[in-house]
Structure formats: C-alpha cells, structure tokens
Amino acid sequence: MHPGSEPFWDRQRETLPAEQRMVLIFDRIKHQLNYAYARIPFYRQLYDAKGVHPDEIRDLDDFTTKVPVVTKAMLQQAQRDHPPFGNYLGVDFSEVKRIQGTSGTTGHPTLFAISGEDWEHISEAQAMQCWAAGLRPSDIVQIVFPLSLYVGGWGLLEAAERIGAKVLPMAGGNTERQIAMLQQVGATVICGTPSFCLHILETARAKGIAMASGSLRLGFFGGEPGAAIPGVRQRLESGFGIRAIDFGNVAELHPCSNMECSRGSGMHVYQDVDYTEVVNPQDPHQSLGYNRRGAVVYTHLWRKSQPMIRYFPGDETLISDEPCGCGRTYPRMPRGIIGRLDDMIIIRGVKFYPSDVEKLLREIDGMGTEFRIVLERRGELDEVRIEAECDGSVDAERFRLAAEEHLNGGLGLRIVLVPMASGAFPRTQFKARRVIDRRPTPKQ
C-alpha cells in the first residue's frame, strides 16, 4: 500500500527529464532485441528474413528505420503454425501464471501466456498509472468490464488491489444488478466501457435513480473510444457525478501504458512501460514524431513472455510533448486513440471485422449469398443487426435461431439477425458494401 499523501507512485521515475528517460528506454530496447533474437524463434526468423541484426541497432532512429513491425495477422499465423501460443512464447511454460486472450471474434482468440514475473510488472505499472489518475486505498472499485478470457479489466483489478483499494468484481452485464450493488456497497470508483456505463446511466434514469447523488467520484473508461470524446465524457461525468479517466492501448500490449492523470488532459504515454512511436501508416519505418497524426507502434520494454517488439495494431493517434500540470514528464495523447486505420467495427468493447461475420455466416446451413451489417444507436448503446439472405433450404425461423446462436458465440456479442429472401441485396462485380452505419457521428 502506498502513502496516501504522496501525489506520485514513483516520483523519481515519473518526473525524470525526458532526455534521460529516452536513454534508459533505448537500453531496454537493446535488451529486448537481444533477448528476442536469442530466445524467440519468431523474432529471429523475422529479423533474419529482413536482413537485420540487433547489433546494427545503435539508436532509436535505427530502431524505427530498420526493425520490422509485427501485426496481429502475423501473431495469428504463428499460433496456427505453432499452437497454442505461437513460436514467440519466450519463457518456459512452467513460468506462465495467466492465460488470457483477445475477445476471440473469429472463434479462435489470440492467446496470451503471461509469466508470473511479467504479471508482477503489469500490476506495478498499472498501479502507478491508476495512482496518477487518483485511485486511493480508501476507494471501493466496482469493475463492470467483462472479467473473462479477454485481458481488459484485469489490469485495473490488479492495480486496485496493489494500491490497497477494495475491489467489487461485478464483471459485465446485468445492468439492474450493477445499479443495486453501486448503491448497496457504496462504490467510489467504476471501471468499464463508456457505452456500457452510459447504458447503466440510462437504466438508472428510467428507474428514477440519480446516480450523480451517489457515492461515485471517479471512473476509468476503456475498451473503445468514448471517454476522450467531449460529449461522451460530459455525459459520464455529469451522469455519475465523477471525474472520467480515459485509458487504453491494445490487448497484445498488456500492461496498458496509456492513461490520463487526474488533470484529465489526455492520456499520458508511459514510455518506460511500452515504448510508443507514431509512424507513417503507409511506411512504419518513417517516424512522424510529436504533434502529427499517424499510426501507433508499441514495444514492450519489460515483458519476457510473448514480448511485442514494434507491434503495429492499426490505431491512429497523435502524441504531444507539451508539459502536463501534474508534473509528470511523460508525453500525452491529447485526443486519446483517435480511431482505427482499417474497417474494424467496435461495439461495446468487442472488436470484429466484416470478414469475421462472413466467416461465421458461411458456416450456417441455409445461408444465402449476401448479407449486410447494420449498426444503429438505441438509446445509449450501439447495436448490431445482421440482415442475411436465407437460401430457402431451411425454415427462416430455424435459420434465424441458428445464426444468432452461432454469431453470439463467435463474436461474444448479442446479435439480432433478420432473415432476408434470396436475392434481396443487389449484386456487384466490385466490393460489396456490407456495413451500413446509421449511428450518429460523435461531436468532437
């Protein structure tokens, strides 16, 4: 437990001059490169194929311009070729403490095997960030993230316990019970996706409950864009009577290394946890530096189990080195994670592609030729409706029930399916427009 009067979890680390921090960061990068090349076949094969050796990396510019990026598709292929954890585990399996994963949108989640030593580092790194955001030992933390295979939410639980706060691990769903427990236990902190927490507010209002007059004072929101959008942030803060904290990067990069401090002026980028670059989306070897929008690239500086080195998730952001009033010398993402650089769909923290939907639909008896994914806003929640042609070989209602069950299981999200007659959608020789997004555009 940390003394409650100290504003910093690790004052020396958090206020270190940026130039000195970058020297330490490069030392860790060299360590990670040498470790990965010596111990991990995935990286040794990748670097040999690209003609690069760790000894050639003499500074951070070399790191960006010479070291190839790693993508999710590469990790998935590695796990298919070398199940279950790929050829990049990096440690003996006996050292693994936790097995987590992505949300498994294709039915085959990318698996994360995290060592005990790494899990300890994750807890410490997350505690440092949550302390900066204002979490204290006196707090009661209600976690409404899904505590499941998906790694999101677990880091906050570990951080809260390390700080000495009380944890109420409600996990996701069951909105009315979430409200009842908030009132009964008197939670002071809520942690969840922005959309689910807005749904909690909507349900509470319908029941005549004013959440802003309750015990909550702080909220941690991640898993999807939202808390960095002014309109959403305002609804969360006024509805719950809290200060909202935006955080998040990607599941492969656990621990999370982007989180706002109590000033709420954009997520601090904890560069000495995960080194973070902004690069040209079309050329990940071209650094864009500060104050230019581009693709984010992450590197684990401490992970030994499945370390990510120049991981390219396809997110867009902008990093500023403008000082923060909190006194921490980390740079910030003033607009958070701006969005995806591809066509990924994010609904209540669950991420999937149109191709994931197609894959699941094609596995169902009676599936016709075409389908559409319709995205709509119902109250405070985004909803997905899939309109799919039924070829007539099975009863439409039977098709609907089978399709919904398969889609719900495969995507981890409640899906409404509407059977359509064969030929309901126009054919084209070009790319089909299968995503119809009817949600209102967020006001920045």
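The values are calculated or read from the model by the stated rules, or taken from the named source; none is laboratory data. Just so we're clear, the structure is a prediction, and the values are computed from it rather than from any experiment. Note that each Cβ is placed from the backbone with ideal geometry, even for glycine, and that neighbours are counted across all protein chains shown.
Per the conditions (1) of a type in the set (S, T, N, Q); (2) part of a loop (DSSP other than H, G, I, E, B); (3) under 19 Å from MET22 (Cα atoms); (4) under 16 Å from the mean Cα position of the chain (by Cα), the sole criterion not satisfied by ASN249 is (3). One residue stands out in the stretch 252-277 among those that are surrounded by fewer than 24 Cβ atoms within 10 Å (Cβ to Cβ) and out of contact with any Pro (no Cβ under 9 Å at 6 or more places or on another chain): the one that is farthest from VAL70 (Cα to Cα), namely ARG263. Checked against (1) outside any loop (DSSP other than H, G, I, E, B); (2) without any contact (Cβ under 8 Å) to a residue 60 or more places away in the chain, ARG292 passes all but a single condition, namely (1).
A quick yes/no check of all residues on (1) surrounded by fewer than 20 Cβ atoms within 10 Å (Cβ to Cβ); (2) over 17 Å from the mean Cα position of the chain (by Cα); (3) in a helix (DSSP H, G or I):
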{"position": "VAL91", "(1), (2), (3)": "no, yes, no"}
{"position": "ARG98", "(1), (2), (3)": "yes, yes, no"}
{"position": "PRO109", "(1), (2), (3)": "yes, no, no"}
{"position": "PHE112", "(1), (2), (3)": "no, no, no"}
{"position": "ILE122", "(1), (2), (3)": "no, no, yes"}
{"position": "ALA127", "(1), (2), (3)": "no, yes, yes"}
{"position": "CYS130", "(1), (2), (3)": "no, no, yes"}
{"position": "PRO137", "(1), (2), (3)": "yes, yes, no"}
{"position": "PRO146", "(1), (2), (3)": "no, no, no"}
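Applying a threshold of 9 Å to beta carbon distances and a minimum spacing of six or more residues, or different chains, the list of pairs starting in the stretch 264-279 at a residue that is without any contact (Cβ under 8 Å) to a residue 24 or more places away in the chain and ending at one that is part of a strand (DSSP E or B) and among the charged types (D, E, K, R) reads GLY264/ARG243; GLY264/ASP246.
A Cβ distance below 6 Å, combined with a sequence gap of six or more or placement on separate chains, defines the contacts here; from the stretch 109-134, residues that are at positive phi reach residues that are in a strand (DSSP E or B) and surrounded by fewer than 24 Cβ atoms within 10 Å (Cβ to Cβ) in the pairs GLY134/LEU218. Looking only at residues of the stretch 349-400 that are more than 28 Å from the chain's Cα centre (by Cα), β-branched (Val, Ile, Thr) and outside any strand (DSSP E or B), we find that the one that is surrounded by the most Cβ atoms within 10 Å (Cβ to Cβ) is ILE364. Can you go through ALA159, ALA171 and tell me which one is at positive phi, out of contact with any Gly (no Cβ under 7 Å at 6 or more places or on another chain) and outside any strand (DSSP E or B)? The conditions single out ALA171. Here the stretch 43-68 is the region considered, the condition is being β-branched (Val, Ile, Thr) and outside any helix (DSSP H, G or I), and the residue that is farthest from HIS300 (Cα to Cα) is VAL52.
THR276 falls short on exactly one of the conditions (1) within 21 Å of GLU19 (Cβ to Cβ); (2) in a loop (DSSP other than H, G, I, E, B), and that condition is (2). The combined condition, being in contact with a Leu (Cβ under 9 Å, 6 or more places away or on another chain) and of a type outside the set (Phe, Trp, Tyr), is fulfilled by ALA187. Against the condition closer than 29 Å to PHE93 by Cα, of a type in the set (S, T, N, Q) and modelled with pLDDT of 95 or more, how does GLN20 come out, does it pass? Here the answer is no, as GLN20 does not meet what is asked. The residues on offer are ILE40, ILE57, and the sole one that is among the aliphatic types (A, V, I, L, M) and touching a residue at least 60 places away in the same chain (Cβ under 8 Å) is ILE40. Restricting the first member to the stretch 324-337 and to residues that are at pLDDT below 95, and the second to residues that are in a strand (DSSP E or B), the beta-carbon pairs closer than 6 Å and six or more apart or on different chains are PRO334/SER320; GLY336/ASP246; GLY336/MET267; ILE337/ASP315; ILE337/THR317.
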